Amino acid sequence: MENLIRTIVQAIEDKKGKDIVSLDLTGFDGAICSHFVVCNADSTTQVAAIADGIEEKVAEVLGEHPWRVEGQQNAVWIALDYVDVVVHVFQTELRGYYRLEELWADAPLTRYEYEE
């Protein structure tokens, strides 16, 4: 799973995704997965490009494909479900509205910083 998260984060960085975090949900009963990876971008074009980049890189590096992808039609919030890891790619203002990190505030959070 760490390889999957690392590959997802690299794909997001490749497409200049912003404010990348992962939330460890393993300690929560009823959580739909073990980890969320969350990021944002300023346009729907970039949201779609990040989601496509994640799919391509994970398939190339790990040979895995998402079980399900939602939100590609409007590209303001795309969720990629890799079963144990769910990736949320938000348009910036929508991320601020939904505040997933606050909903799971007790979950251990890892923030990923990279040089632009």
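The values are calculated or read from the model by the stated rules, or taken from the named source; none is laboratory data. All figures in this text were calculated on a predicted structure; none of them were measured in a lab. Don't worry about glycine lacking a Cβ; one is built from the backbone with ideal geometry, like all the others, and counts go over all protein chains shown.
Here is how the numbers come out for the structure above:
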{"read-out": "Answer residue from region 1-14, given it is free of Cβ contacts under 8 Å to residues at least 60 places away in the same chain, out of contact with any Gly (no Cβ under 9 Å at 6 or more places or on another chain) and charged (D, E, K, R) and is surrounded by the most Cβ atoms within 10 Å (Cβ to Cβ) among those", "value": "6"}
{"read-out": "Within region 27-41, tally of residues that are touching a residue at least 40 places away in the same chain (Cβ under 8 Å) and farther than 20 Å from residue 10 by Cβ", "value": "3"}
{"read-out": "Pair list, Cβ < 9 Å and 6+ apart or interchain, from region 104-116 residues that are at pLDDT below 90 to residues that are among the aliphatic types (A, V, I, L, M)", "value": "113/20; 114/9; 114/20"}
{"read-out": "Output for region 46-81, where each listed residue is farther than 23 Å from residue 2 by Cβ and small (Gly, Ala, Ser)", "value": "48, 49, 71, 75"}
{"read-out": "Failed condition for residue 27, given (1) of a type outside the set (Phe, Trp, Tyr); (2) more than 20 Å from residue 112 (Cβ to Cβ); (3) at pLDDT below 95; (4) within 14 Å of the chain's Cα centre (by Cα)", "value": "(4)"}
{"read-out": "2 or more residues buried (at least 19 other Cβ atoms within 10 Å of the Cβ) and of a type in the set (A, V, I, L, M, F, W, C): qualifying helices (runs of 4 or more DSSP H) within region 15-116", "value": "44-62"}
{"read-out": "Some residue of region 78-94 being out of contact with any Cys (no Cβ under 9 Å at 6 or more places or on another chain), among the aromatic types (Phe, Trp, Tyr) and either at negative phi or without any contact (Cβ under 8 Å) to a residue 12 or more places away in the chain (or both)", "value": "no"}
{"read-out": "Residue count for region 65-96, restricted to those that are out of contact with any Ser or Thr (no Cβ under 7 Å at 6 or more places or on another chain), among the polar types (S, T, N, Q) and closer than 16 Å to residue 15 by Cβ", "value": "2"}
